[in-house]
Amino acid sequence: MTASTHQLGIVGLGRIGGGLALQALKRNMQVIGYDLLGAGDALKAAGIQLVDKPEQFRLRLQAPRRIFVYVPAGEIIDRVLAQLTTVLEAGDVIVDGGNSYWGDSIRRFEKCRGEYGIHFVDCGTSGGARGARNGACFMVGGTKESFDLVEPILAKLAVNGGLIHCGTPGSGHFVKLVHNGIEFGMLQAIGEGLQLLEHHREPLPVANILQTWNHGSVIRSWLIELLEEQYREYGGPCGIPAHIEDTGEVNWLIEDAMHMEIPIPVIAQSVMQLLSSRDRSQISQRAVAMMRHGFGEHAYGPNESVARARHSSRVGAWLKPDSQS
């Protein structure tokens, strides 16, 4: 690597940006960091060099400068770009490593290149905080020239096999968006599986089952591993709040799929299930109860006799079409 690829700037030193900074420092890279809240003790102890304002990146980094941005998606990205593009030089590189919408990334690429001659790279980053500290997965969009400028740094920060140049500007964030949609579908399926395990008629060794599934089964995965860890730590799911927050990226994917006329029912339904977790008022369920009471005088709330009927009213089993009475 050249001298400049041994150093990088990072804007945003939170869970992901800070974790990547820490990993880079441990790999003997020079990291110049900027964050309004400063840096944590671990980063300071590891040797991060902080700047008070983005202008100082130009003085502290060798050209072509490589600045990685790890701040929340949205208008704040445009504000950071407005600051950086006025102080950097043509030929420098800005990498948006957050979960920006891929259409926004195309617009930002065109602005950076057209008005300032600055490279813009969209870099989907996966692996969470652990991956940032120990080896992440990077999905990169941008011109080949732009990718070549940041590839040596990303290759050092990526887990083995976890770096790909996806294609033209915007493609990195599009691939990451699809990745997040798949993640939602997997989370929902695993969650439903756990619900079934928890409702078996006899208690099951659920944590051990999850552990076993991660040894050779077709559903082995990091998500299963994480669920096992959390299950053991909390003694099951009962004490965990059911309300699930998200930042909305998969909503963009569903809208894109509708424009593309590509059916993604599992991913779409996983978002619907997530939204239902937040409904404390349960108005839709209450409305169903009101209508059922109206047309059939069905009881409101739990009813012991109805519950018995639910389990006893059918005498025979389902009949195949060729069954004879």
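Only residues that are touching a residue at least 12 places away in the same chain (Cβ under 8 Å) and not β-branched (Val, Ile, Thr) were counted across region 215-224, and they come to 2. In region 173-182, is there at least one residue being part of a helix (DSSP H, G or I) and touching a Lys or Arg at 6+ places or on another chain (Cβ under 6 Å)? For region 173-182, residues part of a helix (DSSP H, G or I) and touching a Lys or Arg at 6+ places or on another chain (Cβ under 6 Å): absent. Residues of region 175-230 that are acidic (Asp, Glu) and open to solvent by less than 40 Å² (accessible area, probe 1.4 Å): GLU228 alone. Selection of helices (runs of 4 or more DSSP H) fully inside region 249-303 by the criterion of at least 3 residues being open to solvent by less than 100 Å² (accessible area, probe 1.4 Å) and within 24 Å of SER126 (Cβ to Cβ) returns 249-260, 265-276.
When residues in region 141-161 are screened for being surrounded by 18 or more Cβ atoms within 10 Å (Cβ to Cβ) and either of a type in the set (A, V, I, L, M) or under 19 Å from the mean Cα position of the chain (by Cα) (or both), 7 of them pass. Residue pairs whose Cβ atoms lie under 9 Å apart, sitting 6 or more positions apart in sequence or on different chains, and linking a residue in region 26-38 that is touching a residue at least 24 places away in the same chain (Cβ under 8 Å) to a partner that is in a loop (DSSP other than H, G, I, E, B) and open to solvent by 100 Å² or more (accessible area, probe 1.4 Å), are TYR34/ASP52; TYR34/LYS53. Quickly run through region 186-208 and pick out the residues that are within 26 Å of GLN269 (Cβ to Cβ) and among the polar types (S, T, N, Q). Result: GLN188, GLN195. Quick check on region 81-131: of everything there that is aliphatic (A, V, I, L, M) and within 19 Å of the chain's Cα centre (by Cα), which residue is surrounded by the fewest Cβ atoms within 10 Å (Cβ to Cβ)? Checking each candidate, the answer is ALA129.
For the structure I just gave you, tell me whether PRO64 is closer than 22 Å to PHE147 by Cβ, touching a residue at least 24 places away in the same chain (Cβ under 8 Å) and open to solvent by 20 Å² or more (accessible area, probe 1.4 Å). Before the answer, list the steps.
Working: closer than 22 Å to PHE147 by Cβ: yes; touching a residue at least 24 places away in the same chain (Cβ under 8 Å): yes; open to solvent by 20 Å² or more (accessible area, probe 1.4 Å): yes.
Criteria met by PRO64.
The sole residue among ASP78, ASP52 that is without any contact (Cβ under 8 Å) to a residue 60 or more places away in the chain, open to solvent by 30 Å² or more (accessible area, probe 1.4 Å) and farther than 23 Å from THR168 by Cα is ASP52. Beta carbons closer than 9 Å, at least 6 apart along the sequence or on distinct chains, pair a first residue in region 310-325 that is modelled with pLDDT of 70 or more with a second that is open to solvent by 100 Å² or more (accessible area, probe 1.4 Å) for LEU319/SER325.
The values are calculated or read from the model by the stated rules, or taken from the named source; none is laboratory data. Bear in mind the structure is a predicted one, so any value in this text is a computation, not a measurement. Every residue, glycine among them, receives a Cβ derived from its backbone with ideal geometry; neighbour counts consider all protein chains shown. Calculation scope for accessible area: heavy atoms of the full protein, side chains included, ligands and nucleic acids excluded. Shrake-Rupley method; radii C 1.70, N 1.55, O 1.52, S 1.80 Å.
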